[in-house]
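Asks: The structure's right below; bear with me while I get my questions together.
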Amino acid sequence: MPLLTRALELVVPPFCWECGGSAPSGQPLCRACRGALRWLGDEQVDLAGVPLWAAVAYEGPARALVQGLKYHGAAGLARPMAAQVAACAPPGLIAPSAALVPVPLHPGRRRRRGYNQAERLAVALSRRKAVPVADVLCRQGAATRQVGQGREARQALIAGSVAVRPRAAPPSEAILVDDVATTGATLAACAAALRAGGSRSVRAVAYARTPGR
Ligand SMILES: [Zn+2]
């Protein structure tokens, strides 16, 4: 067994994240659950003014992977998820002329989690597509819980909370990377900060998005 596969299995044990059954070596889902992923094809959607492409619908097994990556410390999931993104992205979307910009996490959250899942995805995607990572954004202010607030209040809170890091230069062609895109409020705040910092083109790639948008 290649060393890489063995190393991966230390972080991603060979069980299915959705049903707990056994999964093929190095795969986070069993064959049946992988078959249940809803692939979204080439279609890009406009999410809060940002063109977004995502590999799969945020439901069922995709939700299990996103939550594993985000809440269960399984940073190793970034690799197979990025592989799915790289394999399915429409030709030319993730071009070497662009740079991948991870959606930032609040510093406190990053400390607790130990990593930024969007950054892990961006790095894994960068290796597959030979596109550089430009980790140029940061969150400002205290992390606010978004649950239980109205949509507009939530968006206003998020809009003021993303900035370009001091002394960082946003890439001219930026591709925001996130694990999951739901309302688009965070992506819109990131895109605004990038454009204000000089990016001429901003689009977004996520592993999953809420279907029907
Ligand atoms: Zn399964």
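The values are calculated or read from the model by the stated rules, or taken from the named source; none is laboratory data. Since this is a predicted model, take the numbers as computed values, not measurements. All Cβ positions, even for glycine, are placed from backbone atoms using ideal geometry, and neighbour counts span all protein chains on display. Only protein heavy atoms, including side chains, enter the accessible area calculation; ligands, DNA and RNA are left aside. Shrake-Rupley method; radii C 1.70, N 1.55, O 1.52, S 1.80 Å.
For (1) within 19 Å of Pro170 (Cα to Cα); (2) open to solvent by 30 Å² or more (accessible area, probe 1.4 Å), each residue gets a yes or a no:
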| site | (1), (2) |
| --- | --- |
| Val56 | no, no |
| Pro91 | no, yes |
| Pro107 | no, yes |
| Arg112 | no, yes |
| Ala122 | yes, no |
| Asp135 | yes, yes |
| Arg139 | yes, yes |
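Asks: What are the residue pairs meeting all of these: first residue in region 163-175, first residue within 19 Å of Arg200 (Cβ to Cβ), second residue assigned to a strand (DSSP E or B) and of a type in the set (S, T, N, Q), Cβ atoms under 6 Å, and 6 or more apart or on different chains?
Replies: Partner pairs satisfying both residue conditions: Glu173/Ser201.
Asks: So is Pro61 within 9 Å of the ligand (Cβ to nearest atom), in contact (Cβ under 8 Å) with a residue 24 or more places away in the chain and not in a strand (DSSP E or B) or not?
Replies: Spelling it out, Pro61 is indeed within 9 Å of the ligand (Cβ to nearest atom), in contact (Cβ under 8 Å) with a residue 24 or more places away in the chain and not in a strand (DSSP E or B).
Asks: Would you mind telling me which numbered condition in (1) aliphatic (A, V, I, L, M); (2) open to solvent by 20 Å² or more (accessible area, probe 1.4 Å); (3) within 13 Å of the ligand (Cβ to nearest atom) Ala83 fails?
Replies: Answer for Ala83: the failing condition is (3).
Asks: Answer yes if at least one residue in region 22-38 is within 16 Å of the ligand (Cβ to nearest atom), over 22 Å from Cys190 (Cβ atoms) and part of a strand (DSSP E or B), and no otherwise.
Replies: There is at least one residue in region 22-38 that is within 16 Å of the ligand (Cβ to nearest atom), over 22 Å from Cys190 (Cβ atoms) and part of a strand (DSSP E or B).
Asks: With the condition being at pLDDT 95 or above, I'd like the helices (runs of 4 or more DSSP H) fully within region 107-213 carrying at least 2 qualifying residues.
Replies: 117-129, 185-196
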